[in-house]
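Everything on this sheet refers to the single structure shown next.
The values are calculated or read from the model by the stated rules, or taken from the named source; none is laboratory data. Because the structure is predicted, anything quoted here is derived from the model rather than measured. Heads up, the Cβs are rebuilt from the backbone with ideal geometry, glycines too, and the neighbour counts pull from every protein chain shown. Surface accessibility is based on the protein's heavy atoms, side chains included, excluding ligands, DNA and RNA. Shrake-Rupley method; radii C 1.70, N 1.55, O 1.52, S 1.80 Å.
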Amino acid sequence: MVAEPKFTPALIQLVRLDIREGNPSAGISKANSYITSNPDVFEHNYAKLEGLIAAKQYDEAISLISSLLKRDEANGKLRYYLAMTE
C-alpha cells in the first residue's frame, strides 16, 4: 500500500510497474484493492483501466469505461482510454 492511499498518481505508477514486469493482472488486482478501500476516489479507476488495456481485456475495459461515463459523461480521460481500447 502507498502512504497516501487516495493519491491516484501513485497507484497508477504502481500498476505501471506491474505492467512493465509483465504482470498486468497483479496491477489490476492492486487497483481493485484500492478502488474497494477508497470508493470515493473516482480516479483510481484509471489505474484499473491501464491494467485492463495492458492485459488486452478490451471488452472489460470498455464495459468499465461505459459505466464510468454514466457518472461523468464529459470526462476526457475516460474518452482517451476508450480510444486506446478501440
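Work out the P(r) tail for the stretch 17-66: percent of alpha carbon pairs separated by more than 12 Å, whole number. Before the final figure, lay out the partial values.
Numbers: 705 of 1225 pairs.
More than 12 Å apart: 58 percent of the Cα pairs in the stretch 17-66.
Evaluated at 20 °C with a viscosity of 1.002 mPa s, what Stokes-Einstein diffusion coefficient in µm²/s does the chain have when Rh comes from the Kirkwood expression over alpha-carbon pairs?
169
If the reach is capped at under 18 angstrom between alpha carbons, list the aspartates and glutamates near Lys70, excluding any in the same chain fewer than eight residues apart.
Within the straight-line cut-off, Lys70 pairs with Asp40, Glu43, Asp59, Glu60.
Under the 0.36 nm per residue contour assumption, what length would be gained going from the current alpha-carbon distance of Met84 and Arg71 to full extension?
Gain on stretching Met84 to Arg71: 2.7 nm.
Roughly how many Å² is the accessible area per residue of the chain, as a whole number, for a 1.4 Å probe?
For the chain, the solvent-accessible area averages 58 Å² per residue.
For Leu14, tell me the accessible area in Å² from a 1.4 Å probe, rounded to the nearest 10.
Near enough 50 Å² of accessible area.
Any lysines with Cα under 20 Å of the Lys30 Cα? List them, leaving off those in the same chain fewer than 8 positions away.
Lys6, Lys48, Lys56
Given labels modelled 7 Å from the Cα in the Cβ direction, how far is it in nm from Ile62 to Phe7?
Each label point lies 7 Å from its Cα, and together they span 3.7 nm.
How much solvent-accessible surface does Glu21 expose, in Å² to the nearest 10, with a 1.4 Å probe and all protein chains in place?
Rounded to the nearest 10, that gives 140 Å².
Within the accessible area of the chain, what % is carbon and sulfur when the probe is 1.4 Å and the other protein chains stay in place?
Here it works out to 52 percent.
Scan the stretch 16-86 for trypsin sites (Lys or Arg not before Pro) in coil per DSSP, keeping those whose Cβ has at most 15 other Cβ atoms within 10 Å, and list them by number.
On the way: sites: Arg16, Arg20, Lys30, Lys48, Lys56, Lys70, Arg71, Lys77, Arg79; in loops: Lys56.
Passing both the DSSP loop test and the Cβ count: Lys56.
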